[in-house]
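**Student:** Sharing a structure below in structure tokens format, with a few things to ask.
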Amino acid sequence: MAFTGKQLTTQLDADGTLTVQLNDKTWDDPKPGQVLIKVEATPINPSDLGLLFASADTDNAVYSPGKVVAKMPENATRAMKARHGMAMPAGNEAAGIVVAAGEGCEQLMGKRIACVPGTAYGSYAYADPNMGFEVADGVTAEQAASSFVNPMTALGFVETMKLEGYTGIVHAAAASNLGQMLVKICLEDGIPLVNVVRSDAQVKLLKDLGATHVLNMTDSDYMPKLIDAIAETKAMIGFDPIGGGTVASQFLTAMEAAASRGAAFSRYGSNAAKKVCIYGALDLGPTILNRAFGLTWDLSGWLLTPFMMKAGPEIVGRMRARVMKDLTTTFASHYAKKGTLEDMLTKDAVTMYNARRTGEKYLVTPHG
């Protein structure tokens with residue numbers, strides 16, 4: 001049986017033209033070990049935006065029904081040479097109803113599942129049930145739509161901390177949906193957490209959730225407060241979704257200052273292990289390091305899929321079970337706006353979600 005509908009694709013050409021558009025598509029029966037879902041709800045995450053629009057000039061793009069044509073900066077066009085001319089589907093995660101099941105997956109017919117098809121911005125999507133889970137009765141598609149990327153990432157931070165021998169975490173842009181999940185996880189597990197945000201309203205938001213250490217990085221006394229918080233919590237691993245600018249450098253500097261308190265001077269700095277993991281690019285500029293944190297430090301990238309491969313099935317299975325159990329509480333997501341596939345390509349919608357502002361998450365409902 002064939003299913004027809006729309007599929008969003010994003011294509012970058014060698015001249016820097018980026019075209020994001022909806023195309024007619026037909027989905028045939030899934031292969032063995034695979035299911036086809038009718039996509040009910042799918043979020044737009046920062047990781048999706050990297051493929052959708054990257055650093056394209058969406059303010060001056062040409063908008064028409066179901067289509068956006070924008071220009072990519074020359075340096076970004078060169079850096080993305082490998083994708084030139086390719087119409088690539090997008091949409092990491094979704095929730096939907098199984099409308100066709102390949103061999104071995106027949107038991108899922110008619111069930112609602114949460115999954116990571118990578119092609120979720122469409123009317124339908126093929127999915128691997130092993131990379132998702134069946135949604136419990138009473139859980140809506142909206143509640144299940146963001147059940148993989150943010151929940152598993154937040155739990156992945158905690159597992160990374162444990163695996164690498166740290167005992168506390170510093171987190172930037174901490175008022176995001178992911179950040180709120182991390183606050184709840186750390187409260188439940190008794191893990192010291194230092195949250196860094198950009199406004200007093202965000203400070204209040206996390207304090208109301210029960211967070212102990214919430215710092216506004218725009219305050220004049222931010223760095224002394226950050227040093228004090230790290231000294232108190234011994235949080236020597238940080239996670240930074242901003243990427244560009246000096247956030248990672250500030251974290252490492254504060255960690256070094258906290259570790260050096262009361263110690264004799266050493267031109268090589270303290271021996272305390274300090275690490276920051278960059279897991280996003282809210283700021284597309286260069287990462288700037290002002291080397292005021294000795295020589296015992298580490299800066300690295302962090303992605304969920306490589307982490308899961310490294311952590312192994314036992315840890316990942318434990319993480320997934322926890323997400324399923326607490327999907328509507330600890331791992332609940334909130335959306336500022338919802339719209340169809342056509343709606344998500346309007347100028348108002350693109351301007352809103354591509355700004356990547358905390359608390360302005362967009363949910364796509366392909367069938368309205």
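The values are calculated or read from the model by the stated rules, or taken from the named source; none is laboratory data. Keep in mind that what you see is a predicted model, and the values were worked out from it rather than measured. Here the Cβ is made from the backbone with ideal geometry for all residues, glycine too, and neighbour counts use every protein chain on show. What goes into the accessible areas is simple: the full protein's heavy atoms, side chains included, and nothing from ligands, DNA or RNA. Shrake-Rupley method; radii C 1.70, N 1.55, O 1.52, S 1.80 Å.
**Student:** Taking 7 Å along the Cα-to-C-beta vector as the label spot, tell me the Ala76-His334 distance in nanometres, rounded to one decimal.
**Tutor:** Once both label points are built, they end up 2.9 nm from each other.
**Student:** For a quick protection proxy, order the peptides 309-322, 118-131 by their average other-Cβ count within 10 Å, most packed first. Could the numbers behind the result be given before it?
**Tutor:** Values: 309-322: 13.9, 118-131: 21.9.
Going by the mean number of other Cβ atoms within 10 Å, highest first, we get 118-131, 309-322.
**Student:** Moving on to the next point. Can you pull the accessible area of Tyr268 for me, 1.4 Å probe, Å² to the nearest 10?
**Tutor:** 120 Å²
**Student:** Among Gly104, His84, Phe265, which residue has its Cα furthest toward the positive end of the charge dipole of the chain, with +1 on Lys/Arg Cβ and -1 on Asp/Glu Cβ?
**Tutor:** In the chain, that residue is Phe265.
**Student:** Would you mind pulling out the separation of the Cα centroids of the range 150-181 and the range 75-149, in Å?
**Tutor:** 24 Å
**Student:** Give me the percent of accessible area attributable to carbon and sulfur for the range 238-368, probe 1.4 angstrom. Show your work: numbers first, answer last.
**Tutor:** Working: 3620 of 6530 Å².
Percent of accessible area from carbon and sulfur atoms in the range 238-368: 56.
**Student:** Given the peptides 41-49, 284-292, 169-177, arrange them by the average over their residues of other C-beta atoms within 10 Å, most packed first. Present the calculation step by step, with values, prior to reporting the outcome.
**Tutor:** Numbers: 41-49: 23.7, 284-292: 12.3, 169-177: 25.9.
Highest to lowest by the protection proxy: 169-177, 41-49, 284-292.
**Student:** Relative contact order (percent) for the range 1-139, with alpha-carbon contacts under 8 angstrom and 6 or more residues of separation?
**Tutor:** Details: 319 pairs, mean separation 46.1, N = 139.
Rounded, it is 33 percent for the range 1-139.
**Student:** For the chain, give the share of DSSP beta bridges that are antiparallel, in percent and rounded to the nearest 5; count only bridges with both residues there. Let's see the in-between values first.
**Tutor:** On the way: 40 of 64 bridges.
If we restrict to bridges inside the chain, about 60 percent are antiparallel.
**Student:** So which aspartates and glutamates pass the test for Lys207, namely a Cα distance under 16 Å, with those fewer than 8 places away in the same chain ruled out?
**Tutor:** Glu188
**Student:** Follow-up question, since we're still on this one. Which aspartates and glutamates have a Cα lying under 13 Å from the Cα of Lys310, excluding residues fewer than 8 positions away in the same chain?
**Tutor:** Of all the aspartates and glutamates, those that pass the test against Lys310 - Cα under 13 Å, at least 8 places apart if same chain - are Glu159, Glu164.
**Student:** Among the aspartates and glutamates, which fall within straight-line cross-link reach of Lys204, defined as a Cα-Cα distance under 15 Å, with same-chain neighbours fewer than 8 residues apart omitted?
**Tutor:** Asp219
**Student:** With a Förster radius of 35 Å, plug the Cβ-Cβ distance of Val62 and Asp28 into 1/(1 + (r/R0)^6) and report the FRET value to the nearest 0.05. Before the final figure, lay out the partial values.
**Tutor:** Numbers: r = 34 Å, r/R0 = 0.96.
The value I calculate is 0.55.
**Student:** Around Gly238, which amide H atoms from residues at least 5 apart in sequence, or from another chain, sit under 5 Å from its own amide H, with H modelled in the peptide plane?
**Tutor:** Amide H neighbours of Gly238, under 5 Å, 5+ apart: Val170, Lys275, Val276, Cys277.
**Student:** Going toward the positive end of the dipole of the chain, with +1 on Lys and Arg Cβ and -1 on Asp and Glu Cβ, which of Thr296, Gly16, Pro286 do you reach last?
**Tutor:** My answer, from the dipole projection, is Thr296.
**Student:** Quick one: with all protein chains in place, what share of the accessible area of the range 40-162 is carbon or sulfur, to the nearest percent (1.4 Å probe)? Could the numbers behind the result be given before it?
**Tutor:** Working: 2630 of 4910 Å².
For the range 40-162, the apolar C and S fraction of the accessible surface comes to 54 percent.
**Student:** Same structure again: Return a whole-number percent for the relative contact order of the range 261-341, with Cα pairs under 8 Å and 6 or more residues apart as the contact set. Kindly include the intermediate steps, with their values, before the conclusion.
**Tutor:** Numbers: 38 pairs, mean separation 23.1, N = 81.
Here the relative contact order equals 29 percent.
**Student:** To the nearest 20 debye, what is the magnitude of the charge dipole of the chain about its Cα centre, counting +1 on the Cβ of each Lys and Arg and -1 on the Cβ of each Asp and Glu? Mind dumping the intermediate values first?
**Tutor:** On the way: 34 positive and 37 negative charges, 116 e Å.
Magnitude of the dipole: close to 560 debye.
**Student:** Quick one: how many lysine pairs does the range 1-108 have with C-alpha atoms less than 28 Å apart and a gap of 8 or more or different chains? Give me the count, please.
**Tutor:** Summing the qualifying lysine pairs gives 13.
**Student:** Roughly how many Å² is the accessible area per residue of the chain, as a whole number, for a 1.4 Å probe?
**Tutor:** Details: 16290 Å² over 368 residues.
I get 44 Å² per residue for the chain.
**Student:** For Lys111, list long-range residues whose amide hydrogen, built 1.01 Å from N in the peptide plane, is under 5 Å from its own amide hydrogen.
**Tutor:** Val98
**Student:** Compute the acute angle (0 to 90°) between the alpha-carbon long axis of helix 222-233 and the principal axis of greatest extent of the alpha-carbon atoms of the chain; round to the nearest 10°.
**Tutor:** 90 degrees
**Student:** Treat each spin label as a single point 7 Å out from the Cα along the C-beta direction, and report the Lys347 to His84 distance in nm.
**Tutor:** Here the answer is 3.0 nm between the modelled labels.
**Student:** If you average the alpha carbon positions of the range 305-368 and of the range 1-38, how far apart do those two centres end up, in angstrom?
**Tutor:** The distance from the Cα centre of the range 305-368 to that of the range 1-38 comes to 20 Å.
**Student:** Under the definition of Cα pairs under 8 Å and six or more residues apart, what whole-number percent is the relative contact order of the chain?
**Tutor:** Values: 789 pairs, mean separation 65.0, N = 368.
Dividing the mean separation by the residue count of the chain yields 18 percent.
**Student:** Would you calculate, for the chain, the mean residue ellipticity at 222 nm contributed by helices, counting each DSSP H stretch of 4 or more residues as -39,500 (n - 2.57) and dividing by all residues, to the nearest 500?
**Tutor:** Values: 11 runs with 111 residues, N = 368.
Computed mean residue ellipticity for the chain: -9000 deg cm²/dmol.
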